[in-house]
1. Can you run down the residue pairs with Cβ atoms below 7 Å, 6 or more apart or on separate chains, where the first is in segment 114-141 and free of Cβ contacts under 8 Å to residues at least 40 places away in the same chain and the partner is assigned to a loop (DSSP other than H, G, I, E, B)?
2. How many residues does segment 112-141 hold that are part of a helix (DSSP H, G or I) and either within 12 Å of the chain's Cα centre (by Cα) or of a type in the set (A, V, I, L, M) (or both)?
3. Need pairs with beta-carbon distance below 8 Å; first residue part of a helix (DSSP H, G or I) and within segment 86-108, second acidic (Asp, Glu); sequence gap 6+ or separate chains.
4. Taking residue 77 and the conditions (1) open to solvent by less than 50 Å² (accessible area, probe 1.4 Å); (2) under 19 Å from residue 202 (Cβ atoms); (3) modelled with pLDDT of 90 or more, which numbered condition does it fall short on, given that it satisfies the others?
5. Going residue by residue through segment 179-199, is there one that turns out to be at pLDDT below 90, assigned to a loop (DSSP other than H, G, I, E, B) and loosely packed, with under 13 Cβ neighbours inside 10 Å?
6. Suppose we filter segment 135-154 for residues that are of a type outside the set (Lys, Arg) and over 18 Å from residue 189 (Cβ atoms); how many remain?
7. Sort out which residues of segment 200-213 are of a type in the set (D, E, K, R) and surrounded by 14 or more Cβ atoms within 10 Å (Cβ to Cβ), and write them in order of number.
8. Among the residues of segment 223-261, how many are open to solvent by 60 Å² or more (accessible area, probe 1.4 Å) and assigned to a helix (DSSP H, G or I)?
Amino acid sequence: MIKLLRKCHIHPVFWFVIGGGLLTGHFWDVVTVFFIVFVHEMGHAWAALHYGWRVTQIQLLPFGGVAKVEEHGNRPFKEEFWVTLAGPLQHLWLPILSFLLLKTPYWSEENHHLFMTENALILGFNLLPIWPLDGGKLLFLFLSKFLPFKQAFRQTLILSFLFLVTLSIALFVDHPASINFAVIASFIGLSLYQEWKQQKVVFLRFLLERWRTRPVSRRKIRTLVISKDWPLWRIFEHFFKEQVHLIEIAGVENGELLHESTLLEAYFGGNGSNVTIGEWINVS
């Protein structure tokens with residue numbers, strides 16, 4: 001627990017919200033949101049540690065947070081699903097806590113109503129299908145079941161941006177002066193823009209993790225039929241999460257199926273990073 005607390009950091013956006021709440025006399029609002037967000041993020045962190053993930057930092061944000069881990073898309077679906085869902089699940093027992101506190105002289109109906117409202121808002125907001133919210137991560141996980149990793153991540157960012165724009169327009173019509181939402185929406189929009197620019201880095205980390213660890217949890221085998229003119233990086237763009245890939249080169253008679261680990265070794269070992277698969281076979 002102490003190790004997790006040391007990894008906690010309050011994001012500058014949260015400081016802005018905290019400062020605004022204190023200046024406007026909403027002290028208990030700030031304390032309530034901070035407590036709920038903290039419990040939410042601890043849920044993610046505890047689940048990650050349960051599965052042996054390497055948690056490097058926990059950032060607290062007004063709408064949830066980000067648990068940064070050294071896992072890059074190669075963990076089993078079950079693990080990623082429960083680590084993602086572990087945050088929202090904390091919101092199910094928090095109302096029980098508030099009801100119990102009502103039986104004490106330290107918790108009023110007003111406190112209870114505020115707590116319940118903030119708890120529901122933070123839960124609902126986090127489940128929106130917008131990256132990097134929990135709903136966006138769940139969207140990516142399910143897209144990864146049907147699309148290669150790189151394509152699933154790209155589609156997640158596009159869908160997230162469209163949903164964020166639609167939500168922002170709808171809320172702006174009803175509440176044009178909502179400063180808090182404007183700050184949060186701007187932060188998420190900036191995060192999406194940064195993730196869009198970092199797509200190649202995210203994909204490279206995904207490949208590096210497969211090359212270094214080669215986890216045994218990916219049991220399904222997928223055969224990719226490719227052209228001999230394809231460079232290695234183009235083959236990798238068809239890699240799925242939780243699957244082992246065997247590569248068949250079209251037009252090569254009696255050609256032996258190539259294991260993905262062989263191609264990853266060639267790519268990161270420097271022997272095939274700038275050649276086509278046909279050229280690499282001849283060289284090797």
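The values are calculated or read from the model by the stated rules, or taken from the named source; none is laboratory data. Quick caveat: nothing in here was measured; it's all calculated off a predicted structure. Here the Cβ positions follow ideal geometry from the backbone for every residue, glycine too, while neighbour counts run over all protein chains shown. With ligands, DNA and RNA removed, areas are computed over all heavy atoms of the protein, side chains included. Shrake-Rupley method; radii C 1.70, N 1.55, O 1.52, S 1.80 Å.
1. The qualifying pairs are 135/127; 135/128; 135/129; 136/129; 136/130; 139/129; 140/131.
2. Of the residues in segment 112-141, 15 are part of a helix (DSSP H, G or I) and either within 12 Å of the chain's Cα centre (by Cα) or of a type in the set (A, V, I, L, M) (or both).
3. 87/41; 87/134; 88/134
4. The number of the failed condition is (3).
5. Within segment 179-199 (the criterion being at pLDDT below 90, assigned to a loop (DSSP other than H, G, I, E, B) and loosely packed, with under 13 Cβ neighbours inside 10 Å), the answer is no, since none of the residues qualifies.
6. Result for segment 135-154: 11.
7. 205, 209, 210
8. Qualifying residue count for the region: 2.
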